[in-house]
Structures are given as structure tokens and as C-alpha cells.
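The values are calculated or read from the model by the stated rules, or taken from the named source; none is laboratory data. Every value quoted in this text rests on a predicted model; they were computed, and no experiment measured them. Backbone-built Cβ (ideal geometry, glycine too); neighbour counts: all protein chains shown. When the accessible area is computed, the model is the full protein with side chains, heavy atoms only, and any ligands, DNA or RNA have been set aside. Shrake-Rupley method; radii C 1.70, N 1.55, O 1.52, S 1.80 Å.
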Amino acid sequence: MSKGSKASGGTKPNREQWLDEAVSELSAIFKERGYEVPPVRVSCGFAHTSSRSVIGQCWSTKSSDAAINEIFISPKLADPVEVLDTLTHELVHAVDNCEHKHGKEFKAIAQRIGLQGKMREASAGPALKQKLTAIALKLGNYPHAKLAVPVPSPSFRSRPRAVCERCGFRVPMLKSWIHYGPPVCPMDQVLMEKQGDWD
């Protein structure tokens with residue numbers, strides 16, 4: 001495959017086609033280390049989480065009606081090496097079928113492939129980074145323009161909680177339960193006071 005790889009019919013690949021080709025290239029690295037990358041679907045999209053810092057996510061085959069691992073790469077990423085780095089991390093999850101999150105089983109695969117650092121944000125070490133750079137040159141530009149994602153403004157409304165005026169015992173209140181009102185203090189057996197935003 002030459003630099004600036006082409007999709008079938010001689011047209012330039014779209015994002016998903018580029019990502020599919022990337023999986024093929026990365027699978028060889030996994031195979032060298034004794035791991036078989038399962039069939040996966042990779043898309044450019046946001047992870048299912050409230051955190052805007054998440055740049056990749058892999059879903060277990062158990063979550064898919066097609067019984068296949070689904071991977072999402074954040075549209076915040078446009079640099080091909082960063083995309084490949086994130087995709088490698090998510091492929092480790094696919095090899096593990098998301099069974100162990102970032103536990104020791106994940107760590108064993110990740111480190112053998114060449115990922116380093118805290119496992120939750122493990123990324124390519126120097127040797128793997130060289131391989132990813134070579135793959136990026138082979139695939140050509142990632143056909144995606146970086147999406148500027150605004151950081152959500154911090155909320156200054158204080159979370160609802162209940163406090164006992166006698167002993168100071170306090171508990172956070174879940175929004176789904178605050179319609180019941182404040183609880184009774186287990187120590188003093190008096191109705192606790194509302195604090196924070198109960199609306």
C-alpha cells in the first residue's frame with residue numbers, strides 16, 4: 001500500500017475506510033506479539049460518557065447485536081499518529097473483549113504491544129511510536145478535520161445534600177431521590193436540613 005492509500009475504485013478513503021485500513025496495519029503488530037485482533041467496526045464519534053477528555057472507546061461484543069467490538073475515535077483527534085495511538089489502545093480492549101477494563105489482564109497485553117504509562121491513558125512508547133509513524137506515512141493523511149469541542153462551563157450551583165444541625169452528619173442527595181425530601185439523621189433521629197440546590 002503506497003503513501004496516500006486509496007479506497008476501492010481509486011477514490012480517496014473516507015474516515016471509516018482509513019480507520020479500517022489502520023486496523024489491518026495495526027493487527028500485524030498484535031500478531032507479532034501473539035494476539036489476534038478480532039473483527040471490529042471503527043467509527044469517528046464521541047464516546048458514551050459525560051467526560052469530554054475521553055478520546056477513544058471500545059464496546060464489548062456483548063453490547064452489539066452484531067456481536068462485534070465497536071470502537072469510536074473522538075472527532076477531536078486529527079493527527080494520524082495520535083489517531084493510531086488511540087486506536088491501538090482501543091484494540092487492546094477489543095482483544096480482551098472489554099472483560100477487564102484497565103486491569104492486569106489489559107496491562108499485560110498493552111505493555112507487550114508497546115503501550116506505556118497509566119493504563120487508563122496508556123499510549124505508545126518510543127518503539128511503538130516509530131511503528132505508528134511509519135504506518136501513518138503509509139496510510140496518508142487522516143481524512144478528518146479536527147473538531148473543536150468546547151469545555152463545559154463549571155456549574156456553580158451546589159449539589160443537593162442534607163445536614164444534621166445537631167451532630168453535623170451530612171449526606172449527598174441524588175437528584176432522582178430528592179423529591180422524597182431530606183432523610184432522618186441516624187444518630188439524632190431528627191429531620192436533616194436541606195443544603196445546596198434541591199430544585
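Descriptive notes on the structure:
- Checked against the criterion of being closer than 26 Å to ALA28 by Cβ and among the β-branched types (Val, Ile, Thr), region 150-160 has no qualifying residue.
- Search result, residues across region 69-92 that are among the β-branched types (Val, Ile, Thr) and over 13 Å from SER43 (Cα atoms): VAL81, THR88, VAL92
- Condition met for GLY56 (of a type in the set (Gly, Ala, Ser), under 19 Å from HIS100 (Cβ atoms) and open to solvent by less than 20 Å² (accessible area, probe 1.4 Å)): yes
- Positions within region 59-86 being open to solvent by 60 Å² or more (accessible area, probe 1.4 Å), within 19 Å of LEU137 (Cβ to Cβ) and outside any helix (DSSP H, G or I), in sequence order: ASP79
- Residue in region 87-105 that is without any contact (Cβ under 8 Å) to a residue 12 or more places away in the chain, in a helix (DSSP H, G or I) and either open to solvent by 20 Å² or more (accessible area, probe 1.4 Å) or under 27 Å from VAL149 (Cβ atoms) (or both) present: yes
- The residue that is modelled with the highest pLDDT, among those in region 169-186 that are assigned to a loop (DSSP other than H, G, I, E, B) and loosely packed, with under 10 Cβ neighbours inside 10 Å, is LEU174.
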